[in-house]
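**Student:** Below are the structure tokens for one structure; questions will follow.
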Protein chains: 2
Amino acid sequence: MTTIADIARMAGVAKSTVSRYLNGGSIGDATKLKIERVINETGYVPNTFAQSLKAKKTSIVGTVVPRLDSFASARTLIGIDEQLREAGCQMVISNTSQDEEREIESLYSFARQKVAGIILLATKITDQHLEAFEKIEIPIILVGQQHQDVYSIIHQDYEAAKAMGKHVLEKGHRKIAYLGVTPKDISVGIQRRDGFKDAVSGMEECEVKYYQTGFGMGEALEQATRIIEDFQPSIIVCATDNIALGACKAAFIKGLDIPKDLSVTGFGGYEVTEYIHPSLTTVKYEFKNAGKIAAQKMLKLIEGEQIEKITYTNFELISRGSVDSFIKHEL
Amino acid sequence: MTTIADIARMAGVAKSTVSRYLNGGSIGDATKLKIERVINETGYVPNTFAQSLKAKKTSIVGTVVPRLDSFASARTLIGIDEQLREAGCQMVISNTSQDEEREIESLYSFARQKVAGIILLATKITDQHLEAFEKIEIPIILVGQQHQDVYSIIHQDYEAAKAMGKHVLEKGHRKIAYLGVTPKDISVGIQRRDGFKDAVSGMEECEVKYYQTGFGMGEALEQATRIIEDFQPSIIVCATDNIALGACKAAFIKGLDIPKDLSVTGFGGYEVTEYIHPSLTTVKYEFKNAGKIAAQKMLKLIEGEQIEKITYTNFELISRGSVDSFIKHEL
DNA sequence: CTTAAGAAAGGAACCGGTTCCAAAAAGGCG
DNA sequence: CGCCTTTTTGGAACCGGTTCCTTTCTTAAG
């Protein structure tokens with residue numbers, strides 16, 4: 001491995017001169033050329049460790065994700081990665097497998113590695129998180145979750161769910177099951193449920209029941225089966241697309257036709273929702289864009305610039321075949 | 001930030017003694033205790049850069065993936081991550097967005113960062129790859145693709161496709177469309193096609209046509225539509241689950257019933273294939289396990305141990321509702 | 001009680017960069 | 001041409017560890 005000392009010797013100059021050449025200090029044209037030649041010949045690349053050791057920081061942005069095998073995470077990561085790459089930064093991913101402790105550990109671990117910033121795709125923010133945020137003194141941005149004390153990029157869960165609620169009512173549904181997730185997850189568990197609740201609450205002669213399940217399709221399938229048996233709604237509004245897929249499967253197994261016998265909606269806009277049959281009515285989130293924005297904001301934070309506390313990303317309600325329209329029938 | 005010098009001063013010993021304490025040299029019980037106390041008090045953690053600078057290597061394993069938003073990649077990464085974490089290693093992911101050049105770049109970039117090893121989830125191995133492998137002098141393991149000169153963990157694509165071919169014949173299909181991908185992808189494009197071909201080639205009075213598409217569901221949908229119109233097969237055998245999802249959608253759009261009017265099979269065993277209706281007959285690969293194995297082998301390579309050139313992972317043909325059985329009809 | 005061997009601790013060099021400061025060279029102006 | 005300013009360059013210290021070598025202190029054997 002060639003070092004800066006080798007280059008200096010070969011070019012007949014001092015180490016400091018080479019360093020200046022590399023980092024843009026003042027150099028005479030003659031020496032510049034000499035060094036240039038030697039570097040090109042040897043293919044010299046500075047040692048990152050030595051640089052970081054001296055600089056006490058890196059141009060790495062750490063990203064903490066609860067799971068890798070999720071459409072939302074993957075798309076967000078892609079957005080972050082693209083943006084950081086453009087800025088010459090590296091992204092390092094830490095997967096926590098939905099283990100809260102590991103989430104905290106990852107924060108400290110990133111801090112030890114002197115990352116320039118941390119982007120956190122958390123599901124909830126505990127006191128431990130806040131403590132870590134304080135201690136590590138590194139810029140932090142939350143994606144998909146919100147907290148008053150932390151910068152965050154969030155999807156408009158409340159508004160999207162409200163739009164979904166309105167949409168469902170417009171389609172004429174009056175016996176509705178809402179299949180959500182744990183309220184520990186602020187965005188998915190609470191915001192979406194509340195948005196939906198507020199949309200349907202004004203409607204008279206409308207029966208809405210709220211249920212809860214996990215994030216997996218298997219559990220959603222079981223829960224939906226029970227809902228169909230016990231409540232017989234005309235529609236199941238699901239808090240995520242995966243849950244909706246489980247609900248669809250439950251309907252198929254029960255021999256129900258979607259949307260004639262039962263309508264289903266999702267949340268997220270996963271690619272696959274377009275390709276199942278019937279296509280799923282869902283809310284499409286801008287995961288990749290959220291990642292991009294997060295990365296952009298992070299770069300600003302690293303530069304010491306001010307940014308807004310909260311940035312919202314857009315959503316789009318995509319109406320597709322999985323929802324029956326009673327209104328149409330009445331025409 | 002506390003450094004080893006601080007600890008040494010506070011404990012009243014020399015830097016080297018603290019270093020020895022940390023790395024397990026010979027130390028007296030009294031000094032050991034003193035150092036221990038100070039370190040616990042300060043929460044001191046050694047600076048990774050300084051360590052790596054001296055050691056000229058890291059305990060990081062780089063992983064290069066063509067895309068993050070793929071079930072196969074994600075599961076493999078999870079397997080790698082889990083295994084490495086157990087061994088106290090870190091995994092760093094480099095996403096190439098299916099850009100071949102960036103794949104090569106990533107290799108060199110990892111080399112510069114002195115990673116201990118590189119796990120490559122490539123789709124094809126070019127001369128540029130081989131050149132990079134040679135130059136960087138870092139252990140490399142391929143996952144999902146095979147090359148005579150490189151260690152690899154591979155799925156039994158040929159055998160799996162052969163099993164699928166037999167299965168399809170057993171079900172009584174005799175007018176078969178095989179929808180594959182580019183032969184540039186050895187595993188998916190060639191191995192699967194050839195395995196299937198060899199399985200069906202012996203069968204008389206059996207018409208098989210081979211088609212090609214991209215990895216996306218959208219393109220698969222288009223291709224499958226054309227196949228249905230032009231060839232009217234009783235089954236479309238697809239080289240991946242995503243392609244199968246596109247094919248299913250094409251059938252639905254055409255108003256064909258799956259499996260009565262058209263059967264469809266996939267490859268991969270993505271979770272969603274179980275939850276669509278009808279469930280998709282597919283080959284389930286052990287992606288996560290492949291990742292685990294890759295990580296284990298990598299750890300061995302790093303330790304300087306010998307490993308086998310090629311390791312095969314298992315597959316399982318899962319017969320589900322998307323394939324009609326003509327044999328049954330004849331009973 | 002002496003001596004040799006082994007354990008424990010300290011000191012200094014080194015890893016490969018960056019940066020500060022001083023010295024040398026170049027340029028500008030009267 | 002000499003003096004002052006500015007630009008280039010070199011030298012040395014430093015970042016925070018590890019490691020080699022040396023010294024000192026124990027301890028066991030003779």
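The values are calculated or read from the model by the stated rules, or taken from the named source; none is laboratory data. Bear in mind that the values here come from a model prediction, so they are computed numbers and not experimental data. We place every Cβ from the backbone using ideal geometry, glycine too, and count neighbours over all the protein chains shown. The area values use the complete protein model at the heavy-atom level, side chains included, leaving out ligands, DNA and RNA. Shrake-Rupley method; radii C 1.70, N 1.55, O 1.52, S 1.80 Å.
**Student:** Among the listed residues B:Ile310, B:Ile228, which satisfies the condition of being farther than 29 Å from B:Ile141 by Cα and either within 11 Å of chain A (Cβ to nearest Cβ) or aliphatic (A, V, I, L, M) (or both)?
**Tutor:** Values: B:Ile310 fails: farther than 29 Å from B:Ile141 by Cα.
Of the residues listed, the single one that is farther than 29 Å from B:Ile141 by Cα and either within 11 Å of chain A (Cβ to nearest Cβ) or aliphatic (A, V, I, L, M) (or both) is B:Ile228.
**Student:** Can you tell me which residue within region B:259-271, out of those that are at negative phi and outside any strand (DSSP E or B), is nearest to the other protein chains (Cβ to nearest Cβ)? Working first, answer last.
**Tutor:** Let us first name the residues in region B:259-271 that are at negative phi, namely B:259-267, B:270-271.
So of that shortlist, the ones also outside any strand (DSSP E or B) come out as B:259-262, B:266-267, B:270-271.
On the way: B:Pro259: 13, B:Lys260: 14, B:Asp261: 13, B:Leu262: 13, B:Gly266: 12, B:Phe267: 16, B:Tyr270: 9, B:Glu271: 7 Å.
Applying the filter and picking the extreme gives B:Glu271.
**Student:** Within region B:17-135, which helices (runs of 4 or more DSSP H) (wholly inside it) include 3 or more residues that are farther than 20 Å from A:Met91 by Cα and open to solvent by 30 Å² or more (accessible area, probe 1.4 Å)?
**Tutor:** On the way: elements: B:29-42, B:48-55, B:71-86, B:100-112.
Correct list: B:29-42, B:48-55.
**Student:** I'm checking my understanding of the structure. Among residues of region B:265-280 that are open to solvent by 20 Å² or more (accessible area, probe 1.4 Å) and farther than 15 Å from A:His277 by Cα, which one is farthest from the chain's Cα centre (by Cα)?
**Tutor:** B:Glu271
**Student:** For region B:251-264, enumerate the residues that are surrounded by 24 or more Cβ atoms within 10 Å (Cβ to Cβ) and either of a type in the set (D, E, K, R) or touching a His at 6+ places or on another chain (Cβ under 8 Å) (or both).
**Tutor:** B:Ser263
**Student:** Here's a follow-up. Out of the residues in region B:272-286 that are at the interface with chain A (Cβ under 9 Å from one of its Cβ atoms) and out of contact with any Asp or Glu (no Cβ under 8 Å at 6 or more places or on another chain), state the one that is farthest from B:Val237 (Cα to Cα). Lay out the reasoning, then the answer.
**Tutor:** First pass over region B:272-286, keeping only residues at the interface with chain A (Cβ under 9 Å from one of its Cβ atoms): B:272, B:274-279.
Next cut, out of contact with any Asp or Glu (no Cβ under 8 Å at 6 or more places or on another chain) only: B:274-279.
Values: B:Glu274: 17, B:Tyr275: 19, B:Ile276: 17, B:His277: 17, B:Pro278: 15, B:Ser279: 15 Å.
The qualifying residue farthest from B:Val237 (Cα to Cα) is B:Tyr275.
**Student:** Right, something else. Looking at A:Arg75, A:Arg67, A:Arg85, which is the one that is on the phi < 0 side of the Ramachandran plot and in contact with a Gly (Cβ under 8 Å, 6 or more places away or on another chain)? Quick ask: steps written out before the conclusion?
**Tutor:** Numbers: A:Arg67 fails: in contact with a Gly (Cβ under 8 Å, 6 or more places away or on another chain); A:Arg85 fails: in contact with a Gly (Cβ under 8 Å, 6 or more places away or on another chain).
Only one candidate qualifies: A:Arg75.
**Student:** A follow-up question, please. Only residues in region B:1-30 that are more than 14 Å from chain A (Cβ to nearest Cβ) count as the first member; pair them with residues that are hydrophobic (A, V, I, L, M, F, W, C) and in a loop (DSSP other than H, G, I, E, B), Cβ under 9 angstrom, at least 6 apart or cross-chain, and list the lot.
**Tutor:** Between residues of region B:1-30 that are more than 14 Å from chain A (Cβ to nearest Cβ) and residues that are hydrophobic (A, V, I, L, M, F, W, C) and in a loop (DSSP other than H, G, I, E, B), the close pairs are B:Ile7/B:Val13; B:Ala8/B:Ala14; B:Thr17/B:Ile27; B:Arg20/B:Ile27; B:Tyr21/B:Val13; B:Tyr21/B:Ile27.
**Student:** Just checking, does region B:229-242 include any residue being of a type in the set (Phe, Trp, Tyr) and within 19 Å of B:Thr123 (Cα to Cα)? Outline the logic, then answer.
**Tutor:** To start, the set of residues in region B:229-242 that are of a type in the set (Phe, Trp, Tyr) comprises B:231.
Narrowing the set further to residues that are within 19 Å of B:Thr123 (Cα to Cα) leaves none.
No, because not a single residue in region B:229-242 is of a type in the set (Phe, Trp, Tyr) and within 19 Å of B:Thr123 (Cα to Cα).
**Student:** State all residues of region A:9-54 that are among the charged types (D, E, K, R) and either under 27 Å from B:Thr48 (Cβ atoms) or within 9 Å of DNA strand C (Cβ to nearest atom) (or both); if no residue qualifies, say none.
**Tutor:** Quick first cut of region A:9-54, residues among the charged types (D, E, K, R) only: A:9, A:15, A:20, A:29, A:32, A:34, A:36-37, A:41, A:54.
The answer is A:Lys15, A:Arg20, A:Lys54.
**Student:** Among the residues of region A:85-108, write down those that are within 11 Å of another protein chain (Cβ to nearest Cβ) and closer than 25 Å to A:Ser52 by Cα.
**Tutor:** If the condition is that a residue be within 11 Å of another protein chain (Cβ to nearest Cβ) and closer than 25 Å to A:Ser52 by Cα, then A:Arg85, A:Gln90, A:Met91, A:Val92, A:Ile93, A:Ser94, A:Asn95, A:Glu105, A:Ser106, A:Tyr108 are the ones that fit.
**Student:** Taking the stated definitions as given, is B:Ile307 in a loop (DSSP other than H, G, I, E, B), open to solvent by 10 Å² or more (accessible area, probe 1.4 Å) and outside the structural domain of B:Arg174 (by TED's automatic domain parsing)?
**Tutor:** Numbers: in a loop (DSSP other than H, G, I, E, B): yes; open to solvent by 10 Å² or more (accessible area, probe 1.4 Å): yes; outside the structural domain of B:Arg174 (by TED's automatic domain parsing): yes.
When the stated conditions are applied, B:Ile307 passes them.
Yes/no per residue for (1) within 14 Å of another protein chain (Cβ to nearest Cβ); (2) surrounded by 17 or more Cβ atoms within 10 Å (Cβ to Cβ); (3) free of Cβ contacts under 8 Å to residues at least 24 places away in the same chain:
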{"residue": "A:Ile176", "(1), (2), (3)": "no, yes, no"}
{"residue": "A:Thr182", "(1), (2), (3)": "no, no, no"}
{"residue": "A:Ile190", "(1), (2), (3)": "no, yes, yes"}
{"residue": "A:Ala199", "(1), (2), (3)": "no, yes, no"}
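**Student:** So how many residues does region A:31-40 have that are in contact (Cβ under 8 Å) with a residue 12 or more places away in the chain and either under 44 Å from the mean Cα position of the chain (by Cα) or more than 11 Å from DNA strand D (Cβ to nearest atom) (or both)?
**Tutor:** Restricting attention to region A:31-40, the residues satisfying the condition of being in contact (Cβ under 8 Å) with a residue 12 or more places away in the chain are A:31, A:34-39.
Pick out the ones that are also either under 44 Å from the mean Cα position of the chain (by Cα) or more than 11 Å from DNA strand D (Cβ to nearest atom) (or both) and you get A:36-39.
The total comes to 4.
**Student:** Quick one: count up the residues across region B:175-218 that are part of a loop (DSSP other than H, G, I, E, B), among the charged types (D, E, K, R) and at pLDDT 95 or above.
**Tutor:** Applying the first criterion (part of a loop (DSSP other than H, G, I, E, B)) to region B:175-218 yields B:181-185, B:202-206, B:213-216.
Next cut, among the charged types (D, E, K, R) only: B:184-185, B:204-205.
With the extra rule that they be at pLDDT 95 or above, the set shrinks to none.
Here the count works out to 0.
**Student:** Please give the number of the condition B:Leu301 fails out of (1) surrounded by fewer than 21 Cβ atoms within 10 Å (Cβ to Cβ); (2) not in a helix (DSSP H, G or I).
**Tutor:** Here B:Leu301 meets the rest and fails (2).
This table checks each residue for (1) touching a helix residue (DSSP H, G or I) at 6+ places or on another chain (Cβ under 7 Å); (2) within 16 Å of DNA strand D (Cβ to nearest atom); (3) among the aromatic types (Phe, Trp, Tyr).
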{"residue": "A:Ala11", "(1), (2), (3)": "yes, yes, no"}
{"residue": "A:Thr17", "(1), (2), (3)": "yes, yes, no"}
{"residue": "A:Asp29", "(1), (2), (3)": "no, yes, no"}
{"residue": "A:Phe49", "(1), (2), (3)": "yes, yes, yes"}
{"residue": "A:Thr58", "(1), (2), (3)": "yes, yes, no"}
{"residue": "A:Val61", "(1), (2), (3)": "yes, no, no"}
{"residue": "A:Val64", "(1), (2), (3)": "yes, no, no"}
{"residue": "A:Arg67", "(1), (2), (3)": "yes, no, no"}
{"residue": "A:Arg75", "(1), (2), (3)": "yes, no, no"}
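**Student:** Please find, among B:Leu77, B:Leu130, the residue that is away from DNA strand C (no atom under 16 Å from the Cβ), more than 9 Å from chain A (Cβ to nearest Cβ) and within 28 Å of B:Asn289 (Cβ to Cβ).
**Tutor:** Working: B:Leu77 fails: more than 9 Å from chain A (Cβ to nearest Cβ).
Selected residue: B:Leu130, the only one of B:Leu77, B:Leu130 that is away from DNA strand C (no atom under 16 Å from the Cβ), more than 9 Å from chain A (Cβ to nearest Cβ) and within 28 Å of B:Asn289 (Cβ to Cβ).
**Student:** Kindly list the number of the only condition in (1) touching a residue at least 40 places away in the same chain (Cβ under 8 Å); (2) more than 20 Å from B:Pro259 (Cα to Cα); (3) in a helix (DSSP H, G or I) that fails for B:Ala163.
**Tutor:** (2)
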